[in-house]
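Each value in this text was obtained by applying a stated rule to the coordinates, not by laboratory testing. It should be emphasised that the depicted structure is a prediction, and the values quoted were computed from it without experimental measurement. Cβ placement follows ideal geometry from the backbone for every residue including glycine, while neighbour counts extend to all protein chains displayed.
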Amino acid sequence: MRRREWLAALAACAVGRASGPASLEPFFESRAGAAVLLDVGSGRPIAIHAADVAQRFLAPPGSTLKPFVLAALLRMGRLTAAEPFPCPGRLTIAGRSFDCSHPRLDTPMCVETAVAYSCNCFVARVAERFAPGELAEELARVGFGDTGRIRPGAGRDAVRLLALGEAGILTCAAELASAYRSLALQTHRAEMQPIVAGMEGAVEYGTAQRARVPRVKVAGKTGSAIAKSGAPIAWFAGFMPSRAPEVAVAVLLQGHSGGSDAAPVAGRILEACRAGRI
Ligand SMILES: [Zn+2]
């Protein structure tokens, strides 16, 4: 299904003309937010909450961008899955603190654990390997910037902030769901193996544990950001089953923590989907 067609399907749903996508509103329990659940094979929306918000409300993607950044470097041969990196924990870019919030580990980070624990230091360090403009091009290739925006500045700080999803990029829940669908369609590729393992790890032992679904592996990633309005935004995006994805989901919630706020909503949506209740 072409992007324009499913955007039209979302719009139709928003004004109540379509009998197509189901409503995800009950999963939000009156909290402000939006969500899109897509069929991976066709790209069609299976279920939606707040279609208008999902398509129009722009916010930085935060750490939900990390799998795309690391997948691009792996594919380009600028990073290997096993490359070790002892995380120093502390990170300052352009005067702002991006200290890692994960527990201190006895072993160095690698791609898988950097995704699972959402290691800012790892991602900011390896992002310096992109040539000027290259990361923005990579992100545009997977669909970012279609309804959102990619406008990174120049220089080392700008590429590091872009890689962390903190500056130079805005997205919406519909675009993020579509981008994660594109990741889901590539899970068979060699460079995707440590990324998928990291996203499984996020749900099993990392930042996204509250998105777990019994008896099925979910691959996911959390994020948090501040919208232009100043509102704190919590993200979760992912797909299921992790190695043969059938559905991709993006959840946007007004809240401070992707792990505590958005992941539980996504978990309930995915569990209902798995049980055939959506
Ligand atoms: Zn770290």
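Projecting each Cα onto the charge dipole of the chain (Lys/Arg +1, Asp/Glu -1 at the beta carbon, about the Cα centre), which of P45, A202, A227 comes out farthest on the positive side?
Going by the charge dipole, the pick is P45.
Which of G20, G259, G223 moves the most in a Gaussian network model of the chain with Cα springs under 10 Å?
The residue with the greatest mean-square fluctuation here is G20.
What's the extension gain from S23 to Q254 if we count 0.36 nm per residue and subtract their Cα-Cα distance?
Full-extension gain reported as 81.3 nm.
With each run of n ≥ 4 DSSP H residues scored as -39500 (n - 2.57), what mean residue ellipticity at 222 nm is computed for the chain after dividing by its residue count and rounding to the nearest 500 deg cm²/dmol?
Taking each H run of at least 4 residues, the total per residue is -9500 deg cm²/dmol.
Dimensions of the chain along principal axes (Cα, Å, largest first)?
Extents along the principal axes: 51, 39, 32 Å.
Taking all pairs of distinct Cα atoms, average 1/r, flip it, and tell me the Kirkwood hydrodynamic radius of the stretch 154-278 in Å to one decimal place.
Across the stretch 154-278, the inverse of the average 1/r is 14.8 Å.
Placing unit charges on C-beta atoms (Lys and Arg positive, Asp and Glu negative, everything else neutral), compute the dipole magnitude of the chain about its Cα centre in debye, rounded to 20.
Dipole magnitude for the chain comes out near 220 debye.
Give the residue list of trypsin sites (Lys or Arg not before Pro) in the stretch 161-229 that are DSSP loop and have at most 12 other beta-carbon atoms within 10 angstrom.
Loop-located and lightly packed - R215, K228.
Once you've got the GNM for the chain with C-alpha springs shorter than 10 Å, pick whichever of A131, A263, A59 has the biggest mean-square fluctuation.
Of A131, A263, A59, the Gaussian network model singles out A131 as fluctuating most.
To test your reading of the geometry: what angle, between 0 and 90 degrees and rounded to tens, separates the Cα axis of helix 3-14 from the longest principal axis of the chain?
The angle comes out at about 50 degrees.
How compact and how long is the stretch 65-115, expressed as Rg and Dmax of its alpha-carbon atoms in Å?
For the stretch 65-115, the Cα radius of gyration and maximum Cα-Cα distance read 12.1, 31 Å.
Can you work out D for the stretch 198-272 in µm² s⁻¹ from Stokes-Einstein, where Rh is the Kirkwood radius over C-alpha pairs, the temperature is 37 °C and the viscosity is 0.692 mPa s?
Translational D for this selection: 277 µm²/s.
Measuring from the lowest to the highest alpha carbon on each principal axis, how far does the stretch 80-172 reach, largest first, in angstroms?
So the three principal-axis extents are 41, 29, 26 Å.
Using a Förster radius of 25 Å, what is the FRET efficiency between A131 and R151 based on their Cβ-Cβ separation? Nearest 0.05, please.
Calculated value: 0.90.
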